[in-house]
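Quick notes on the structure that follows.
Laboratory data are not the source of any read-out in this text; all were calculated from the coordinates shown. As the structure is a prediction and not an experimental result, all values here were calculated from the model. Here the Cβ is made from the backbone with ideal geometry for all residues, glycine too, and neighbour counts use every protein chain on show.
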Amino acid sequence: VTGALRRWMMTRGEPLTAGATVRALVPVSVRTRRGGAPAPRKGGPAAVGNSISAYFVDLPVGEDDPLRRLAVISAAMVEHKASGRAVGATTLIRLAGLAPPTLHSLGVRIASQFSSHSFNVLVTNVPGPPRPLYAMGARMIDMYPVVPLAGGQAVSIGITSYDGNMHYGLNADRDALPDVDVLADAMPDALAELKAVAGPA
C-alpha cells in the first residue's frame, strides 16, 4: 500500500522528500484467549472474544527502497503492539466468529471517532476464508472488501485474504479522488517491486 501511494503521488507531481509520510489509521482485531486457546462453547463453535483497536502508522512514502519501507512499517507495528498504546483503545464490540465484512465495518466506526485531519487514509487488513466458498454449487472466485469512507476521508483501502490470494478493495470520493484507478493500478506494481527485491520466499 505504501509503495502504491508513493507511485500515485508521483503521478500527481507531489514533492516526495526522503522523510515524507502518509498517516494511516490501521484497525486491529485483538483476540482474547485464556490458556492460549478459546474454550469450546456448548452448541456452537469455539468462543473467541474480539476487541477492535487501531494504530496510527506513518507510511514512509518518501522512501524509494521497498525493503526499507517494509522494515520501517514492521518496526512501527511491533512497537505499537509492544507498548499497548492503541488509539481508540475502547472496546467497540466483543463477538464470537466475526466475519471479514464486519471487521472492515468496525474499522470505519473507529475511524469516525477521529478528526479527518488526524490521518490521511484508513487501511483495514482482515483475514478471510483460507478455502473456497460456494453458493448453490457456484464457486466464489474473488473477495473484494468495500470499506465505507470515514467522515472527511477521500479514500479507504480494505485488504482481505481468500483462498490463498490477497484482495485489495479501494473506495474513494469521486470528487476528491477522481484518479483512484491510478492508485488501484499501482497496487500490483508496488507488490511486484517488493517481491523482486525481496527474492524467493
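At an R0 of 30 angstrom, the distance between the Cβ atoms of ASP142 and ALA75 translates into a FRET efficiency of 0.40. Residues whose amide H falls under 5 Å from that of LEU59, counting only those 5 or more places apart or on a different chain, are VAL22, ARG23, ALA24, with hydrogens built in the peptide plane. Computing FRET efficiency as 1/(1 + (r/R0)^6) for ARG23 and ASP163, where r is the C-beta to C-beta distance and R0 is 41 Å, gives about 0.80.
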